[in-house]
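Undergrad: Once you've had a glance at the structure underneath, I'll fire off some questions.
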Amino acid sequence: MGVAWSSVVSFTAFQLRGASYQGWRAYELGSPAEAASLTWTQFSDMFLREYVPQSLRDAWHMEFEQLRQGAMTVSEYAVCFSDLARYAPALVAIFRERVSRFIEGLLYSIRLSMAWELEIDISY
């Protein structure tokens, strides 16, 4: 069963306080009643634009550009990659670019192993 993202948006909006709550209410009141519910991505993007300073978003973008696996496990790297990728959508707009950038950040030994397996066509 998939997640009902409109419910996630509603739950998150319910928890807003202060200026963020007032901004959300203004958005809701200004939207036509028959308008489609926001997706999580739309809500998240709108929230970031409104309440997260551009300088911080730029820093996250730079962090994503420089992201490498380093001492992280592949799973930790994947989570970090996904978290930061949203701040650099132009760099990963196409799935192939996203995969390529992910692979580039992996440890050399892992990339080498992947290339070797692809070359000898090991199937799992």
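The values are calculated or read from the model by the stated rules, or taken from the named source; none is laboratory data. Just so we're clear, the structure is a prediction, and the values are computed from it rather than from any experiment. Neighbour counts run over all protein chains shown; Cβ positions are idealised from the backbone, glycine included.
Undergrad: Return yes or no: is E34 exposed (fewer than 12 other Cβ atoms within 10 Å of the Cβ) and of a type in the set (D, E)? Break it down into steps so the answer makes sense when it comes.
TA: Working: exposed (fewer than 12 other Cβ atoms within 10 Å of the Cβ): yes; of a type in the set (D, E): yes.
Here the answer is yes, as E34 does meet what is asked.
Undergrad: All but one of (1) under 15 Å from the mean Cα position of the chain (by Cα); (2) part of a loop (DSSP other than H, G, I, E, B); (3) not charged (D, E, K, R) hold for A35, so report the exception by its number.
TA: (1)
Undergrad: Give the stretch 38-53 a look and list any residue that's farther than 30 Å from L106 by Cβ and not in a loop (DSSP other than H, G, I, E, B), or say none.
TA: The answer is Q42, F43, M46, F47, R49, E50, Y51.
Undergrad: For the stretch 94-108, state whether one or more residues are closer than 27 Å to L48 by Cα, basic (K, R) and modelled with pLDDT of 90 or more.
TA: yes
Undergrad: Does the stretch 22-32 contain at least one residue that is modelled with pLDDT under 85 and not in a helix (DSSP H, G or I)?
TA: yes
Undergrad: Would you mind telling me which numbered condition in (1) hydrophobic (A, V, I, L, M, F, W, C); (2) loosely packed, with under 14 Cβ neighbours inside 10 Å; (3) modelled with pLDDT of 90 or more L67 fails?
TA: Only one criterion is unmet by L67, namely (2).
Undergrad: Can you tell me which of (1) under 30 Å from S7 (Cβ atoms); (2) in a helix (DSSP H, G or I) is the one R101 doesn't meet?
TA: The one condition R101 does not meet is (1).
Undergrad: Would you be able to tell me the number of residues in the stretch 37-64 that are surrounded by 12 or more Cβ atoms within 10 Å (Cβ to Cβ) and basic (K, R)?
TA: Residues flagged as surrounded by 12 or more Cβ atoms within 10 Å (Cβ to Cβ) and basic (K, R) within the stretch 37-64 amount to 1.
Undergrad: Looking at A78, is it surrounded by 11 or more Cβ atoms within 10 Å (Cβ to Cβ), among the small types (G, A, S) and under 30 Å from L106 (Cβ atoms)?
TA: In short, yes.
Undergrad: So V8 fits all but one of (1) within 21 Å of L91 (Cβ to Cβ); (2) modelled with pLDDT under 85; what number is the exception?
TA: So the condition that V8 fails would be (1).
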